[in-house]
Amino acid sequence: MKHTIKELEDIASQIRRDIVRMVHGCQSGHPGASLGCADFFTALYFEVLNHKTDFTMEGAGEDLFFLSNGHISPVWYSTLAHAGYFDKSELATFRKLDSRLQGHPTTHEHLPGIRIASGSLGQGLSVAIGAALAKKLNGDKSHIFALLGDGELQEGQNWEAAMFAPFNKVDHLIASVDYNGQQIDGPTSKVLALDDLQAKFEAFGWHVINTDGNDMQAIVEGLHYAKTLTGKGKPILNLMSTQMGAGVDYMMGTHKWHGTAPNDEQLAAALAQLPETLGDY
Amino acid sequence: MKKYTYTEKKDTRSGFGAGLHEAGKKNENVVALCADLVGSLKMDAFIKDFPERFTQVGIAEANMIGIAAGMTIGGKIPFTGTFANFSTGRVYDQIRQSVAYSNKNVKICASHAGLTLGEDGATHQILEDIGLMKMLPGMVVINPCDYNQTKAATMAIAEYEGPVYLRFGRPVIPVFTDPDQKFEIGKAWMVNEGTDVTIIATGHMVWKAIEAGEKLAELGIDAEIINIHTIKPLDDEAILKSVKKTGCVVTCEEHNKFGGLGESVARLLTTELPTPQEFVATNDTFGESGTPDQLMSKYGLDAVNIVEAVQKVIGRKK
């Protein structure tokens, strides 16, 4: 371990503060699933990912991460800033004119850490597979990580990709699903039920593991374990249960904070629950 | 009228296959992907020599575009292959976000474009793809005119950094361009110098423009014929220079007149040099089943239609 669990939890707390402040600052964006994935991003970037903050597009010899559900950009931007990709002061520009921190992540403004645009859903898994195939051709045994939203799995392209990866033994790929059970119009169980995702992915030929995405110890161990499963002929799917809005009590357990910004009062209530550990931007 | 002859007929898609094979030999980063149409795209030679650099994606075009975009991140130069319809309309958003907006070095290679796909009918005969692709910021759009030009274009785009849409077709047509030509993206080819009218043609319509030029010569009309193989970026200079001389223009394409080469030329002329223009193109319609020749005739894409358009546009000159 590079950090103790307490240190990682402190980083996640700061990232959560950043998320609510960023979304409040521009009065738009998606706090719910950003908060829910703060622990995953912390574990990934501060513990699991073999990466350099001196960013190159190719990332030769590095593990690469792809975010398919691009609307949770606040959690990614904050993580990248605290990991050292760019100065955290830039977080204040989120969703504002002339910013590199666009509403959804993009390479267009050359923000270090981003390798593909995402936002229109369902495309990230295919891109991650492509990056994995290129690494294989290059003799680079690094890992490819991807995060997908659960509601996003309603997009058909995911299932094209899900069919492709096991058949082609793309086995250095670890895809996580943010299984929070919520989407814009309500619970996924009501909108278009995902049902037994484990059985579905296993039927396609994936090695599926389950983790608690809001338990730092569990997610760190889960991602390390996922790495040990690579290179064995199967892609890995990490079915990661999270709470939308995790860390801010009034945002938890509902789809209502999927894409809504807090007002001043709500911001204060959120920040009171999230200790400032690394210094606000 | 300069005399053009040919000794053989070949399909442009075979030019693509040959060019892909050559590009693969020259650069080990060239990779190919296909969505279950290897034979139609003439990828066999590439696959035989570079099996590890070929990815069969199956009938999953969206996934193919995404995988291609991802492969560029590892320094690869992916050429995706399927029919033009499935290369564009079916995967527009994947191209828009993962390729164009992300500025990925993907070559979207599209066969069976236009009416000359023939008997399969309108579900497969896309006449809107040039418009779809040229609207994407940063996308290069190329529609070569014969086997040799398609082969040269394929090799050229491998050396160009950035997203490209390469459009070609199914039917065998005359091979009349130089086999050793150097293909320059964005540079028009002067097919025939003339003074009375500028005929601007792309793809399969270039040979038809040459046939039309010969008929026009018999009628005493001296046509300048320009091949625009690169619809975007358009060779503004070559078009303006010619039109300044001739004072009228006919554009020819196997595509809907809405959104095609003709509109690109009209946009240029409207802003720079307002000029009478006629369009030889399909007129806001889908195609249908038939032989390529029958369809080109029925939808007004033959040499005779170019001749008529020329006579009309010359009559509109002030």
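In this entry, chain B is assigned a mean projected area of 14.7 nm², taken as a quarter of its C-alpha convex hull surface.
Dividing the Cα radius of gyration of the protein assembly as shown by 2.2 N^0.38 Å, with N the residue count, gives 1.09. For the stretch A:52-120, the list of GluC sites (Glu not before Pro) that fall in a loop by DSSP and count at most 16 other C-beta atoms within 10 angstrom reads A:Glu109. Couplings 3J(HN,Hα) for the stretch B:45-58, derived from phi with the Karplus relation 6.51 cos²θ - 1.76 cosθ + 1.60 (θ = phi - 60°), are 5, 4, 5, 5, 7, 10, x, 6, 9, 10, 10, 8, 8, x Hz, where x marks Gly and Pro. Taking every alpha-carbon pair under 8 Å whose residues sit at least 6 apart, chain A reaches a relative contact order of 27 percent. Going through the stretch B:96-205, which GluC sites (Glu not before Pro) have at most 16 other Cβ atoms within 10 Å and a DSSP loop state? Answer in residue order: B:Glu119, B:Glu159, B:Glu161, B:Glu184, B:Glu193. The stretch A:133-183 to the stretch B:67-109: how many Å between their Cα centroids? Taking the Cα centre of the stretch B:67-109 as reference, the centre of the stretch A:133-183 is 18 Å away.
Rounded to the nearest Hz, the phi-derived 3J(HN,Hα) couplings of the stretch A:66-73 under the Karplus curve 6.51 cos²θ - 1.76 cosθ + 1.60 (θ = phi - 60°) are 10, 9, 7, 7, x, 5, 8, 3, where x marks glycine and proline. For the pair the stretch B:1-61 / the stretch B:287-318, the C-alpha centres are spaced 31 Å from each other. In this structure, the amide hydrogen of B:Leu33, modeled 1.01 Å from its nitrogen in the peptide plane, lies closer than 5 angstrom to those of B:Thr55, B:Phe79, B:Thr80, B:Gly81, counting only residues at least 5 positions away or on a different chain. Solvent exposure of B:Tyr6, expressed as accessible area, is near 100 Å², computed with a probe of 1.4 Å over the protein chains only.
With 32 Å as the limit on Cα-Cα distance, the pairs of A:Lys88/A:Lys234; A:Lys52/B:Lys76; B:Lys10/B:Lys318; B:Lys151/B:Lys312; A:Lys2/B:Lys107 that go past it are A:Lys88/A:Lys234; B:Lys10/B:Lys318; B:Lys151/B:Lys312; A:Lys2/B:Lys107.
For the stretch B:1-62, GluC sites (Glu not before Pro) meeting the loop criterion (DSSP other than H, G, I, E, B) and having at most 15 other Cβ atoms within 10 Å: B:Glu8, B:Glu28.
Remark on A:Gly103: its backbone amide H falls under 5 Å from those of A:Arg95, a criterion applied only to residues 5 or more positions apart or on other chains, H modelled at 1.01 Å from N. Subtracting the Cα-Cα distance of B:Thr195 and B:Gln311 from their residue separation scaled by 0.36 nm leaves 40.4 nm. Note on B:Glu288 and A:Ala60: their simple-model spin labels are 5.8 nm apart, each label 7 Å out from Cα toward Cβ.
If you take the Cα centroid of the stretch A:45-74 and the Cα centroid of the stretch A:201-243, the two points sit 18 Å apart. A simple charge model with +1 on the Cβ of Lys and Arg, -1 on the Cβ of Asp and Glu and nothing else charged puts the dipole of the stretch B:189-315 at about 240 debye relative to its Cα centre. Once you have a ≥ b ≥ c as the square roots of the Cα gyration tensor eigenvalues for the stretch A:1-131, tell me rounded if a/c is under 1.5, and otherwise prolate or oblate according to whether a/b is larger than b/c. Taking the square roots of the gyration eigenvalues as a ≥ b ≥ c, the stretch A:1-131 is rounded. The helix-only estimate of mean residue ellipticity at 222 nm for the protein assembly as shown, built from DSSP H runs of length n ≥ 4 each weighted as -39500 (n - 2.57), is -11000 deg cm²/dmol after division by the residue total. With the simple spin-label model, which puts each label point 7 Å out from Cα in the Cβ direction, the B:Lys26 to B:Lys3 separation comes to 3.3 nm. Equivalent ellipsoid of the stretch B:189-315: semi-axes from √(5λ) of the C-alpha gyration tensor, largest first, are 21, 17, 12 Å. Dividing the C-alpha radius of gyration of the stretch B:10-174 by 2.2 N^0.38 Å, with N its residue count, gives 0.91.
What dipole magnitude, in Debye to the nearest 20, does the protein assembly as shown give about its Cα centre under +1 on Lys/Arg Cβ and -1 on Asp/Glu Cβ?
Numbers: 55 positive and 73 negative charges, 207 e Å.
The dipole magnitude comes to about 1000 debye.
The HN-Hα couplings worked out from phi for the stretch B:26-34 by the Karplus form 6.51 cos²θ - 1.76 cosθ + 1.60 (θ = phi - 60°) are 6, 9, 6, 7, 5, 10, 10, 10, 9 Hz, whole numbers, x standing for Gly and Pro. In terms of accessible area, using a 1.4 Å probe and ignoring ligands and nucleic acids, A:His71, A:His110 rank largest first as A:His110, A:His71. Each Lys and Arg Cβ is given +1 and each Asp and Glu Cβ -1; about its Cα centre, chain A then shows a dipole of about 560 debye. Would you please give the residues with an amide H less than 5 Å from that of B:Ile231, counting only those at least 5 places away or on a separate chain, with H modeled from the backbone geometry? For B:Ile231, whose amide H was placed from the backbone, the distant partners under 5 Å are B:Val141, B:Ile142, B:Asn143.
The values are calculated or read from the model by the stated rules, or taken from the named source; none is laboratory data. The structure presented is a predicted model; accordingly, all values stated were derived computationally and were not measured. Reconstructed Cβ throughout: ideal geometry from the backbone, glycine too, with neighbour counts over all protein chains shown. Side chains are part of the model used for accessible areas, which takes the heavy atoms of the whole protein and leaves out ligands, DNA and RNA. Shrake-Rupley method; radii C 1.70, N 1.55, O 1.52, S 1.80 Å.
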